[in-house]
1. Keeping all protein chains in the complex and leaving out DNA, RNA and ligands, what accessible area do you get for Trp65 with a 1.4 Å probe, in Å² to the nearest 10?
2. For Phe367, what accessible surface area do you get with a 1.4 Å probe? Give it in Å², rounded to 10.
3. Kindly provide the trypsin sites (Lys or Arg not before Pro) of segment 705-797 that DSSP labels as loop, not H, G, I, E or B, and whose Cβ sees at most 15 other Cβ atoms within 10 Å.
4. With a 1.4 Å probe and all protein chains left in place, how much accessible area per residue does segment 646-760 have, in Å²?
5. Report the local net charge at Phe835: Lys and Arg +1, Asp and Glu -1, summed over other residues whose C-beta lies under 12 Å from its C-beta.
6. Using a 1.4 Å probe and ignoring any ligands, DNA or RNA, find the accessible area of Ser861 and quote it in Å² to the nearest 10.
7. Cα extents of segment 445-521 along the three principal axes, largest first, in whole Å?
8. Grab the other residues whose beta carbon is less than 10 angstrom from that of Ala391, score K and R as +1, D and E as -1, and report the net.
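The values are calculated or read from the model by the stated rules, or taken from the named source; none is laboratory data. On a predicted model such as this, the values are computed, not experimentally measured, just so you know. Don't worry about glycine lacking a Cβ; one is built from the backbone with ideal geometry, like all the others, and counts go over all protein chains shown. Ligands, DNA and RNA are excluded from the accessible area calculation, which covers all protein heavy atoms including side chains. Shrake-Rupley method; radii C 1.70, N 1.55, O 1.52, S 1.80 Å.
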Amino acid sequence: MTLLIMRSCLVLLFIGFATIHPIHGVHAQDTPASPNWTRLPGKAVDISINSDGQAYAVAPDGTPWRWDAIEQRWRKMSGNFVRISAAEGNRPWAISADGVVYRYNGLWWENKDTDVVDVAADTLGNVFIAKVSGEIKKWYPLRSEWRPIDGSAYRIALDRTGNPWAVARDGGIRSYDGKTWTSMPGRALDIAIAGNDTVVIVDAEGQIRTWNETGRSWRIVAGISGATAIAATPDGGPWAVIAGGDIMATTLLVAPEKIKTEEGRAPEIRAPDAVAPVDSAPAAIAPDVTAPPLPPAAVVAPPAAQAAPSMAPVAVATGAAASPVTPSAGAGAGAGAQGTSRTVAPSTGNDPGLDPTTVTTTEDITFTNTRENATALAIGRDGSVFALNAAGSVFRWSNSRKRLEDFPGTLVRLAVDANGDPWGISTLGRVFRHTGKLWKQIPGATGSDIAIGGDGSVVIADASGSLSKLNDAMTRFDRIPGQGILVAVDPEGTPWTIRSDNLVQRCEKSPCEVLSQKAKSISIGPDGSVYVVSANQFLMRLGADGKTFEVVQTPGHTPESVAVGPNGFPWVITNDTVVLASKFFERDELIDRLVAASTGGDTTGTGATAAVVNVTSPSAFTFSKNITFETFTADLNSIDEIAVGQDDGFYLYGTPLNQGANEFQKFNTKTKKLEQVSLSFNQNVEKFDVATDGSIWTNGNSSNSIYKLSSTGTIQRTYSVASGNIQNISIGPDGTVYVVISGKLYHLKPGTNAFTKFSNDDVRKVAVGRAGDLWIADANNIVQQFTGTRFENRPLGQSVTVEDIGAGTDGSVYVTLYENNAYVLKKWNATNGSFDKVNNVTANMVDVLSDGRPWITNNSSGTDVKRAKD
């Protein structure tokens with residue numbers, strides 16, 4: 001009974017710790033004053049735990065294993081090593097028996113240096129190695145190089161600030177504060193530092209000790225002996241490897257998800273797959289001990305990584321199948337396995353450092369309908385798949401949950417680096433990268449498209465077609481030869497582009513080599529596979545001759561864009577925004593949600609702005625100064641308001657010919673007629689807009705309320721707003737509702753319950769375009785664009801007075817204005833920074849469809865409405 005009560009208390013401690021510290025992906029149980037040691041499954045020669053509670057072990061045969069804190073078991077990884085260190089984001093570092101240090105990138109192990117005896121890393125990105133010579137070096141990822149620091153070490157660990165503690169070959173212990181080394185008492189065989197800064201060692205006699213800063217001495221953690229390796233949980237609880245390879249733990253690592261499952265159950269706890277606790281003794285103070293020199297590890301060649309057999313895709317296939325795709329000459333084995341267990345990438349021979357994603361698949365390319373929708377895709381070398389929707393919202397694909405999941409940020413262009421972190425361009429042309437923890441703007445950089453090559457090269461194209469490459473310091477983009485509107489980068493860092501006339505070109509030299517293929521989308525995988533979506537919307541792949549493209553079938557679907565992942569497997573977005581996958585890339589997703597939830601920064605940015613443009617497509621609406629319009633009769637006496645809803649429907653409101661009650665009309669795309677919509681709402685809807693779900697937002701006759709109506713006029717919700725003259729209502733692609741009240745702009749963000757003031761600027765009219773691109777006509781009717789911090793005149797330095805303004809989710813912005821005694825229609829040309837006049841048409845009201853086609857009317861001369869032809 002006493003034991004049961006004690007275990008019940010431990011359960012409560014588990015739950016309390018997880019509740020108080022939700023930021024950690026994994027948590028350790030509280031360590032009792034006199035700890036019980038629990039034997040964990042398996043055997044090891046080395047172990048490591050980071051401050052997030054991610055644990056790793058190296059088995060006696062050299063196999064690395066990762067602790068699954070949810071299922072409470074070890075999961076096998078690829079490679080063969082003698083030492084391992086947990087690091088940030090489930091990306092451990094490890095050392096092979098011949099002294100090569102590797103970093104795991106989520107898919108394979110990257111060779112980083114030789115002649116190394118130990119490595120220590122932390123969740124902040126700090127990495128130190130101890131060389132065979134005793135030299136200590138620190139990793140600088142921006143320059144991909146090691147730099148030496150003073151001191152020597154044979155074993156190394158990092159404290160909470162990222163500074164190293166070192167154990168010399170003779171067992172001497174020292175700590176480093178960033179400037180000087182301080183000698184500590186005692187001798188050690190191994191050392192580890194917990195997330196709470198508890199320092200733990202294995203002393204020369206194989207006993208576990210923790211550092212007592214007050215007494216400047218090492219306290220014994222009793223209960224086991226013969227330890228050979230040490231690690232510590234985030235709260236300071238030691239784990240140890242003892243003689244024979246058994247893994248012993250004073251505290252267990254349990255994921256918050258598993259802790260939550262215990263809530264409401266009977267008060268019982270049992271260590272998974274563990275034996276009875278080993279007897280323990282009270283802690284004691286021991287005098288300094290001296291350890292003999294530690295012999296170096298035996299030199300043994302690491303065995304080759306083995307490929308796991310392929311499994312079925314995780315999503316339900318819809319029968320879409322494509323013709324076989326011939327691999328490049330010299331291509332190796334097929335792609336890695338899929339499934340819920342950790343698997344190994346394609347076989348790479350005897351070199352565990354060889355990039356397996358460079359091995360082009362020999363499998364037929366067949367597609368699975370993910371049942372998800374997106375407007376843009378990008379895939380990283382590690383298999384991370386990111387997507388954008390029409391509102392510019394960012395998503396990340398989850399294999400385990402078989403869906404796209406929310407990720408912070410709003411972008412219009414997307415790329416993914418080798419670490420699986422997204423990069424992108426905002427609707428204002430600003431360039432951003434995600435560090436794994438937060439969004440950061442590349443200062444001063446603007447562009448229209450972005451791509452990342454297999455070698456890490458980051459290249460952007462601007463609206464004029466100029467190309468620039470990110471410098472090594474990641475501080476600026478430098479111009480490089482080449483030209484194109486859309487860009488992709490091959491594994492050697494060579495840009496491939498699509499020109500404004502849709503021709504594909506390879507920019508290995510200047511001028512670029514033009515290929516006889518027109519396209520609207522291009523992507524290159526880490527294996528060098530070049531895929532395009534042709535101008536007439538076929539998925540195509542570059543053939544073995546390096547000049548011509550061959551069709552890859554997508555039965556039942558029309559491709560719109562393509563992204564290529566590891567081993568040359570493409571994902572496709574169709575013309576109806578459906579996402580198709582030809583491979584679900586197995587990767588570690590344990591912290592994906594944590595990264596999304598804890599991401600800092602934003603994708604708004606400051607400074608210069610630039611145009612983001614697309615190449616033309618024969619199937620899409622193309623702007624010209626002589627647009628042809630179709631005319632439709634509204635059968636009204638007057639038109640008070642027109643709007644293109646976020647559902648892409650066209651609506652208007654006006655006075656009928658019989659002078660009766662005002663009518664609300666909607667355009668029927670099948671009959672091509674405007675039809676009256678009978679609303680149960682008995683107030684006027686002169687100021688309105690329509691959301692994606694068809695709901696109508698209006699103030700009715702109210703001066704202090706906004707109503708959300710169903711498509712038939714039933715009031716679904718009423719929002720109180722500042723009292724005043726409600727002048728305009730507009731809804732953005734992300735569902736944000738904007739309202740102008742007595743010259744001030746207010747907004748209601750999705751998921752919130754109240755309208756708040758957006759800015760103190762004087763506003764008359766508002767329009768919301770692609771990815772939240774915000775345009776207004778101010779109190780003086782001057783057209784302005786929001787830059788993230790303020791509204792600026794467009795064109796910059798000019799004051800263009802407008803009658804109306806409309807914006808589409810494709811990025812198109814139209815205005816109407818009175819010029820030379822007539823109403824005219826103009827379109828914003830972001831590349832030239834000017835408004836282009838549309839000839840042979842008059843209009844004083846405008847709104848824009850998602851494909852960029854404007855709806856217009858001139859209610860000063862009649863009630864006909866016009867829509868630009870396809």
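1. My reading of the accessible area for Trp65 is about 80 Å².
2. 0 Å²
3. Arg790
4. Heavy-atom SASA per residue in segment 646-760 reads 47 Å².
5. Combined, the nearby Lys, Arg, Asp and Glu give +3.
6. Result for Ser861: roughly 90 Å² accessible.
7. 37, 24, 21
8. For residues surrounding Ala391, the net value is 0.
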